[in-house]
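Here's the structure, in structure tokens; my notes come after.
Each reported figure results from applying straightforward, stated rules to the coordinates on display, with no laboratory input. Remember, predicted model here, so these are calculated numbers, not experimental data. Cβ coordinates were reconstructed from backbone atoms using ideal geometry, including for glycine residues, and neighbour counts include every protein chain displayed.
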Amino acid sequence: MKEEKKIICITGMPGAGKSTVCKIAETLGFEIIHMGNKVRLEAKKRNLELTADNLGKLMISLRKENGSAAIAKLCINDIKISRNKLFVIDGIRGMNEINEFKKEGKVNILTVEAAENTRYEFIKKRKREDVTFEFEEFKKRDSVETNIGILEVMKNCDYKIQNNNLTIKELETQAKIYLKDFM
């Protein structure tokens, strides 16, 4: 009998600390699949500049063209062809994406939350090329995420990490406890 794959779907507003949790999961043997990387890859195929605005519009466009689970469907083959049994999907934004991943194995939802001002400071420090540093653009991005359905996913989580006033070490400790329990 084939061993069931275990999939943790990480969600949370931009800058909450999801990428840090992914790095921790990777050290424990989880294969990390970044949904945003699938959008970036698609943007490159379409010769679009990798800006926050372009990627946001493309993400919405892909969902309109191929349904609300479109980005999840782009990730499924990575799970199917992998020999790994443990996965973390970074960037979940809707319940239809969760349902898509449930077809591939046991799914848990992990929400990483942080206050708006904390997230904004994290994003400014991160300095990723496709992320704006203007506060109004940051808030606009939050609005896009909310409109897609991220709050429903966050509300339906199996586990939540509150990343307000945590040190990196404290975040690592909380994440490891949850991840090891899921393994």
Inter-label distance, nm, simple model (7 Å from Cα along the C-beta direction), Lys103/Thr27: 3.6 nm
Given axes a ≥ b ≥ c from the Cα gyration tensor, I'd like to know whether the chain is rounded (a/c under 1.5), prolate (a/b larger than b/c) or oblate. oblate
Would you list, by chain and number, the lysines whose Cα falls below 20 Å from the Cα of Lys85, excluding same-chain residues fewer than 8 positions away? Lys2, Lys5, Lys6, Lys23, Lys73, Lys102, Lys103, Lys106, Lys176, Lys180
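Sorted by packing (mean other beta-carbon atoms within 10 Å per residue), highest first, where do 97-103, 39-45 land?
Values: 97-103: 18.6, 39-45: 15.6.
The packing order, highest mean first, is 97-103, 39-45.
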Compute the length gained on full extension between Lys64 and Leu50: take 0.36 nm times their separation in residues and subtract their Cα-Cα distance, giving the result in nm to one decimal. 3.0 nm
With labels modelled as points extended 7 Å from the Cα through the Cβ direction, what inter-label distance (nm, one decimal) is found for Ala115 paired with Lys139? 1.7 nm
Full extension from Asn96 to Lys73: what is 0.36 nm times the residue separation minus their Cα-Cα distance, to one decimal in nm? 7.3 nm
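Please list the helices of the chain that count as membrane-span-like by this rule: a mean Kyte-Doolittle hydropathy of at least 1.0 together with Cα atoms stretching 30 Å or more along the helix axis, each helix being a complete DSSP H run. Numbers along the way, then the final one.
Numbers: long enough: none.
Helices meeting the criterion: none.
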Taking the Cα-to-Cβ direction at Glu172 and at Arg83 and moving 7 Å from each Cα, how far apart do the two end points lie in nm? 2.9 nm
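With an 8 Å cut-off on Cα pairs and a minimum separation of 6 or more residues, tell me the relative contact order of the chain in percent.
Details: 271 pairs, mean separation 67.0, N = 183.
Relative contact order here is 37 percent.
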